[in-house]
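Colleague: Supplied in structure tokens, the structure appears directly below.
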Amino acid sequence: MTATRSERIRAERESRIGSARTDPGGSPAALRQALSAAYDAQIAGLAGDLTDAAVVAVGSLGRREVTAYGDIDLLLVHRGRTDIAKAAEQIWYPLWDAGISLDHSVRTVPEAVRMADEDIAVALGLVDARYLAGDPILAEELVSRSRAQWRKDGVHNARRLAAAAAERAERFGELAFLIEPDLKQARGGLRDGHALRGLAVAQLCDGLTPAAATAYRLLLDVRTALQTGAGRSIDRLVAQEQPVLASALGYADADDLLRAVSDAGRTLAHAWDVALRRVPERSGRVRRPRRSRAPVRRPLADGVVAHGAEVVLARDADLTDPALLLRFAAAAAAAELPMSPFALERLTESYAMPDRWPRGARDAFISLLGAGRSLIPVVEELDRGGALTRLIPEWEAVRSRPQRDPVHRFTVDRHLIETVANAAELMQQVARPDLLLVIALLHDIGKGSGRDHSVAGAEIVARVTARLGLPDADAAIVVAGVRHHLLLPDTATRRDLDDPATLDVVAPAIGYDGDLLDLLEALATADGLATGPAAWSPWKARLVRELAARVRSRLAGRSVRAAPLIDARHRALAAQHEVAVLVEPDPVAGHVVTVAAPDAIGLLSRAAGVLALHHLDVRSATVAAEHGSAVAVFGVEPRFGRSPEEERLQAELRRALAGQIPLGKRLAALDRTYADAPETPVKLPPPTVLWFDDEATDAVIVEIRTTNSVGLLYRLAGALESCAADIRAARVSTLGPAAVDAFYVVLPHAADPATVRARIETALETAASGRPAG
């Protein structure tokens with residue numbers, strides 16, 4: 001009998017899910033309602049004629065929001081029945097056998113209320129309790145008592161909800177700014193919608209606003225469609241599901257879907273923040289004096305005051321003042337207080353800025369940008385109210401725009417704001433901190449244009465700076481800063497800083513402007529930190545500082561001497577005419593590994609392979625030969641923090657150079673051990689080979705952009721060696737799962753140089769795919 005019931009339950013669920021998959025006109029909401037109704041009927045049938053007990057749906061089933069493969073939460077409440085376990089098994093086992101994910105409990109009413117007092121998740125689940133079967137009077141007793149207790153402890157419960165929300169945000173991040181967000185647990189996700197409902201039941205807020213309700217339904221629809229398509233319980237909007245899901249839900253593409261999800265997450269997070277700050281500090285009635293005094297209004301700026309825990313407009317505020325909106329926002333950021341939604345709505349509606357901003361508006365704008373981390377919530381408020389795109393219409397193009405990039409952790413707009421917050425901490429390092437803040441805000445404004453975002457951004461910024469009313473000279477610096485914002489970090493990590501040709505490229509691009517150089521150096525730090533740990537490290541920061549210092553010397557007319565490739569110490573090692581290894585700490589790369597050996601083809605590749613086997617990530621490599629001996633100098637970072645061991649490296653390198661170690665097989669096996677790590681949410685393009693003929697002294701630069709893997713430098717160097725290319729130096733730039741490796745090479749003489757280059761390109765692309773050269 002049980003098996004038959006289970007089969008029927010499973011068949012009905014799969015039938016409804018299957019219909020949802022094949023019916024193009026079906027909606028996720030209709031599937032949830034159908035599944036909820038089916039579960040209601042099935043559970044009532046399993047419960048039979050319960051006495052002194054009742055089955056109550058809580059959580060998603062209580063809200064009639066069951067998704068395709070989501071959990072259902074049931075509570076069997078009873079009046080102290082000694083045989084209640086048998087009654088529970090009659091309900092639970094058929095559901096389990098049907099493959100239903102079931103969260104269940106059996107309690108008396110006092111036990112359930114006490115458990116809710118101890119566990120906020122249980123308490124919030126009971127907020128949505130709904131009778132299914134058995135004794136309706138007992139179920140009503142549970143609902144009324146649990147809700148009365150919830151309201152009685154409303155302020156305390158609000159604080160518990162806030163703590164739980166903060167913990168989720170710390171663990172799962174912010175839904176609005178992630179490429180693969182958790183639709184349920186992340187900040188701004190469905191859990192925050194449940195928490196808002198809990199505050200409403202506790203009579204601490206009005207519940208979901210119309211905008212928040214729409215956002216909640218959108219996330220619920222996406223989660224429903226995600227599970228339906230994936231055929232399993234899943235809450236994370238993984239990248240591989242996004243294109244199909246976007247099509248099923250009527251979005252143009254995966255990016256369009258993500259922008260909608262991002263906007264919904266921002267709306268729910270904002271609604272939660274606004275509701276939470278309306279919660280009083282303490283519960284209970286407050287005894288007021290007979291003669292109550294008006295709350296203190298503390299002036300913050302012209303037309304702006306702090307009133308209680310909010311920033312509001314002064315009674316005599318001039319709504320026609322074009323700078324008032326920006327002064328209002330800047331005052332809120334400086335005071336680290338939220339803006340009154342009502343006041344912000346009034347300001348946005350009355351906003352009228354002339355074609356060229358007046359000085360007061362521009363000053364208030366700079367003050368807002370210079371507020372540091374407190375800028376971030378204020379910008380979110382401006383964004384939610386529609387004020388941000390009124391101030392900067394070009395912002396709409398990057399608003400909630402996802403970055404399908406292996407290193408970026410934020411959407412474009414949030415990345416820009418994070419960069420500004422970081423730049424505010426670096427203002428003392430530059431002569432024009434105001435321009436640094438503006439460049440930081442706009443440096444990626446060209447993303448989404450379909451062109452090089454630096455070039456497109458410079459064109460857009462020219463229009464923005466004209467509207468801001470910046471003087472022509474300042475506007476030119478901002479435009480140049482946006483155009484060249486990647487110049488220092490890209491050059492520092494991909495080019496040989498000791499090569500004079502590197503400075504010959506960088507200095508003219510900057511235009512011999514020392515102020516612009518300072519701004520670009522500070523921006524590189526702010527931008528790198530905002531991007532994420534895969535894009536910024538002490539190694540990269542030191543290289544950028546070193547490059548900036550050398551360019552600064554060049555701009556000042558001072559000579560910049562390149563360090564010799566082989567010094568006396570190297571010569572002493574090379575003179576041994578055998579393999580020698582020297583390991584030293586280095587403030588730039590972490591460690592420097594110097595290898596001296598008889599000059600022979602394969603030194604660079606095999607040394608790189610041995611270093612990879614020792615879990616050492618190579619950042620730079622320089623090779624020089626003299627009198628039959630060769631020296632290779634590697635800048636390395638230990639992958640797991642362990643310092644390299646000279647003796648072991650030397651022993652294995654000798655064996656590798658003698659052909660006694662199958663480097664290719666061992667590196668491939670090591671790479672497979674790393675393959676168990678979670679895949680990047682970004683699909684990387686196939687390998688690309690680029691040539692730079694005029695950026696090196698007595699060499700050409702060949703650069704390959706590809707997916708990073710263990711032993712990549714070993715394979716790429718081997719490919720070049722197999723083509724008789726003389727490698728002078730290499731720069732390795734790893735950006736999460738992506739790699740940009742640049743080699744300074746001298747090509748072999750040939751009647752047809754194009755054929756040589758074509759052969760090298762093929763060899764590099766083959767090596768990048770995982771197959772060693774030769």
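Colleague: Taking 0.36 nm per intervening residue step and subtracting the Cα-Cα distance, what contour gain separates Asp752 from Ala575 on full extension?
Modeller: Going from the current span to full extension adds 59.9 nm.
Colleague: Right, another one. With r defined as the distance between the Cβ atoms of Asp513 and Ser559 and R0 fixed at 30 Å, what FRET efficiency is calculated, to the nearest 0.05? Kindly include the intermediate steps, with their values, before the conclusion.
Modeller: Numbers: r = 20 Å, r/R0 = 0.68.
Computed FRET efficiency for Asp513 and Ser559 comes out at 0.90.
Colleague: Still on this structure, please answer the following. Expressed as an acute angle from 0 to 90° and rounded to the nearest 10, what is the orientation of the C-alpha long axis of helix 712-722 relative to the principal long axis of the chain?
Modeller: Taking the Cα atoms of the chain, the angle to 712-722 is about 30 degrees.
Colleague: At 0.36 nm per residue, and after removing the present C-alpha to C-alpha distance, how many nm does the segment from Val505 to Glu626 gain when stretched out fully?
Modeller: Net length gain for the segment: 40.7 nm.
Colleague: If you don't mind, another one. Hey, how many Å between the Cα centroid of the stretch 489-563 and the Cα centroid of the stretch 18-69?
Modeller: 61
Colleague: Please identify which residues in the stretch 736-772 have an amide N closer than 19 Å to a label point set 7 Å out from the Cα of Ala724, following the Cα→Cβ vector.
Modeller: 745-764
Colleague: Report the label-to-label distance for Thr4 and Ala163 in nanometres (one decimal), using points 7 Å from each Cα along the Cα→Cβ vector.
Modeller: Label-label distance for Thr4 and Ala163, simple model: 5.2 nm.
Colleague: On a 0 to 90° scale, report how tilted helix 753-768 is relative to the longest principal axis of the chain, with both axes built from alpha carbons and the result rounded to the nearest 10.
Modeller: 40
Colleague: I'd like the orientation of helix 84-97 relative to the chain: the angle between its Cα long axis and the longest Cα principal axis, in ° from 0 to 90, rounded to 10.
Modeller: Roughly 40 degrees between the two axes.
Colleague: Okay, moving on. Under 5 Å between amide H atoms, partner at least 5 residues away or on a different chain: which partners does Asp599 have, H built in plane at 1.01 Å?
Modeller: It is Ser629, Ala630, by chain and number.
Colleague: Still on this structure, I have one more. Compute the distance in nm between two label points, each set 7 Å from the Cα along the Cα-to-Cβ direction, one at Glu170 and one at Thr697.
Modeller: Between Glu170 and Thr697, the label points sit 5.3 nm apart.
Colleague: Would you check the accessible area of Thr673, probe 1.4 Å, heavy atoms only, in square angstrom rounded to 10?
Modeller: Roll a 1.4 Å probe over it and Thr673 shows about 80 Å².
Colleague: Send over a whole-number figure in Å² for the accessible area per residue of the chain, probe 1.4 Å.
Modeller: Accessible area per residue: 45 Å².
Colleague: By a straight-distance test (C-alpha under 12 Å), which aspartates and glutamates pair with Lys152 as possible cross-link partners, with residues fewer than eight away in the same chain excluded?
Modeller: List returned: Asp117.
Colleague: Just subtract the alpha-carbon distance of Arg639 and Val455 from 0.36 nm times their residue separation and send over the number in nm, one decimal. It would help to have the intermediate numbers written out before the result.
Modeller: Values: separation 184, 0.36 × 184 = 66.24 nm, distance 3.58 nm.
Gain on stretching Arg639 to Val455: 62.7 nm.
Colleague: Counting only protein chains, not ligands or nucleic acids, how are Tyr251, Tyr39, Tyr93, Tyr351 ordered by accessible area (probe 1.4 Å), most first? Each step should come with its number before you reach the end.
Modeller: Numbers: Tyr251 55, Tyr39 5, Tyr93 105, Tyr351 35 Å².
Per-residue accessible area, sorted high to low, gives Tyr93, Tyr251, Tyr351, Tyr39.
Colleague: So, with a 1.4 angstrom probe, what is the percent of accessible area on the chain that is carbon and sulfur? Before the final figure, lay out the partial values.
Modeller: Numbers: 17470 of 34580 Å².
That share works out to 51 percent.
Colleague: Oh, and also: Let me cross-check Phe410: its accessible surface, 1.4 Å probe, with only protein heavy atoms counted, in Å² to the nearest 10?
Modeller: That residue has around 30 Å² of solvent-accessible surface.
Colleague: Let me have the 222 nm mean residue ellipticity of the chain computed from DSSP H runs of 4+ only, each contributing -39500 (n - 2.57), with the sum over all residues rounded to the nearest 500.
Modeller: Values: 31 runs with 400 residues, N = 774.
Rounded to the nearest 500, it is -16500 deg cm²/dmol.
Colleague: Same structure again: List the residues, sorted by chain then number, that are 5 or more residues from Leu735 or on another chain and whose placed amide H is less than 5 Å from its amide H.
Modeller: Under 5 Å from the amide H of Leu735: Val740.
Colleague: Of Val296, Val482, which has the most accessible area with a 1.4 Å probe, and how do the rest follow in descending order?
Modeller: Numbers: Val296 120, Val482 0 Å².
Of Val296, Val482, the descending order of accessible area is Val296, Val482.
Colleague: Another one. Give me the accessible area of Lys86, 1.4 Å probe, in Å² rounded to the nearest 10.
Modeller: The accessible area comes out at roughly 150 Å².
Colleague: Could I ask something else about it? Label points 7 Å out from Cα along the Cβ direction at Thr22 and Ile376: separation in nm?
Modeller: Label at Thr22, label at Ile376, 4.9 nm between them.
Colleague: I need to check one value: relative contact order of the stretch 151-310, counting alpha carbon pairs closer than 8 Å and at least 6 residues apart, in percent. Present the calculation step by step, with values, prior to reporting the outcome.
Modeller: Values: 197 pairs, mean separation 42.6, N = 160.
Once divided by the residue count of the stretch 151-310, the mean separation gives 27 percent.
Colleague: May I pose another question? How much FRET efficiency would the formula 1/(1 + (r/R0)^6) give for Glu349 and Glu14, where r is the Cβ-Cβ distance and R0 is 35 Å, rounded to 0.05?
Modeller: Numbers: r = 52 Å, r/R0 = 1.47.
Between Glu349 and Glu14 the formula returns 0.10.
Colleague: Is the shape of the stretch 341-480 best called rounded, prolate or oblate, per the rule: a/c under 1.5 gives rounded, else a/b larger than b/c gives prolate, else oblate, with a ≥ b ≥ c the square roots of the Cα gyration tensor eigenvalues?
Modeller: Numbers: a/c = 1.27, a/b = 1.09, b/c = 1.16.
Verdict is rounded for the stretch 341-480.
The values are calculated or read from the model by the stated rules, or taken from the named source; none is laboratory data. Treat the numbers as computed from the prediction; the structure is a model and nothing was measured. For neighbour counting, all protein chains shown are included, and Cβ atoms are generated from backbone atoms with ideal geometry for every residue, glycine included. Ligands, DNA and RNA are excluded from the accessible area calculation, which covers all protein heavy atoms including side chains. Shrake-Rupley method; radii C 1.70, N 1.55, O 1.52, S 1.80 Å.
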